[in-house]
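Each remark here refers to the structure printed beneath this line.
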Amino acid sequence: MAEKLKLGIYWAAGCGGCDVAIVDLCEDVLKVVEIADIVFWPCATDFKYKDVKGYEDGFIDVCLFNGAIRNSEQEELAHLLRAKSKTLIAFGTCACFGGIPGLANLTSKDEIFETVYQDTPSTCNPDFVRPKEKTTVNGCELSLPAFYEEVFSLDEKVEVDYYLPACPPTVDLVKTAITAIAEGTLPPKGSCLGGEKTLCDECRKETGREKKERRSVRRIYRPHEIKADPTKCLLDQGIICLGPATRSGCGAKCIKANMPCRGCMGPTRTAVDQGAGYASMLTSILGLDEERFLSCEDTRSLIGQIKDPVGTFYRFTLPKSLMKRRR
């Protein structure tokens, strides 16, 4: 019998959904156990950091690292697991692109601390105590990880071998990745374990995949403001859907549920900036009708219907965008 793979799993700055995605394999988790021994998974098993430090470099065959880098502890573990792993996979959108935690790049460390430890209505902190990296209690020095000024994707701190995006990765994507690992059929290093086309290629709504001579969006709706026709392209109905700027591979699960794509698979391989690419596409079809362009005033009104443009176009990819953070 072939020697089992040694598998590591780590959760950094994220919601925990990526660990749940592994559990969602259900009975297929047993197939993972057949081919791999889990040698580090602090979310589910009682491993300590010292255990990993005791491993030889390259001891772990594959490490699934989920979550962005928000503090010094997470960066330390990124470097440690990089050294101990033959193959390091950015697992999930937060590790790949910064994800939802990356929206913190719209503010600053001080502003976050003011909100959390001072300004919220439920906070009772008259001395405005803030977290300190080091403090002394009863003669003992205690330490906390340093909270960074901005959020980073995993590959901004260490070399990443493969990317497995989605929030969280779907069961099918996880199965595909684990099968490729077990069979030694992974693509060249640096590859994304997703589709190569845009999500529109997986969409089966009418006009979603068809070329139209002229597309026109005359009003922007939020999903709760309109009863969307489940057979029609959501964008044609005025609902912001990031499918045209998002990598395929997730099976278009949100769209099949008649909800717009939010972009969690990230940009396609050739895209420079997912949010900018989508904004450019959207502005090219805003306000067109059969006869004329809208006036400047009407166009401004239409653009004003897009609530939270940064949170809409860069919901998952702000740290990997061209601007990276608020300047």
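Placing a pseudo-label 7 Å from each Cα along the Cα-to-Cβ vector at residue 284 and residue 4 gives an inter-label distance of 5.2 nm. Modelled label positions at residue 299 and residue 120, each set 7 Å beyond Cα in the direction of Cβ, lie 4.2 nm from each other.
Panel order for 45, 87, by other beta carbons found within 10 Å of each beta carbon, from fewest to most: 45, 87.
Beta bridges from DSSP with both residues in the chain: antiparallel share about 30 percent, rounded to the nearest 5.
With one equal scatterer per alpha carbon and no solvent term, the Debye-computed log10 I(q)/I(0) for the chain at 0.15 1/Å reads -1.24. Taking a straight Cα-Cα cut-off under 17 Å and skipping sequence neighbours fewer than 8 places away in the same chain, the lysines within cross-link reach of residue 253 are 175, 197, 205, 232. Pairs from the list 227/256; 50/86; 48/320; 53/86 with a Cα-Cα gap above 24 Å: 48/320.
At what distance in angstrom do the alpha carbon centres of the stretch 227-246 and the stretch 37-96 lie from each other? One Cα centre to the other: 38 Å.
Taken along the Cα-to-beta-carbon direction at a fixed 7 Å, the label points for residue 127 and residue 76 span 2.6 nm.
Each residue in 233, 254, 94 was given a count of other beta-carbon atoms within 10 angstrom of its own, and listing them fewest first yields 254, 233, 94.
Across the stretch 199-320, Cα-Cα distances exceeding 26 Å account for 16% of all pairs.
Here the gap between residue 149 and residue 226, fully extended at 0.36 nm per residue and compared with their Cα-Cα distance, gives a gain of 23.8 nm.
Any read-out appearing in this document is the output of simple, stated calculations on the displayed coordinates, not a laboratory observation. These numbers were taken from a predicted model, which means no experiment stands behind them. Don't worry about glycine lacking a Cβ; one is built from the backbone with ideal geometry, like all the others, and counts go over all protein chains shown.
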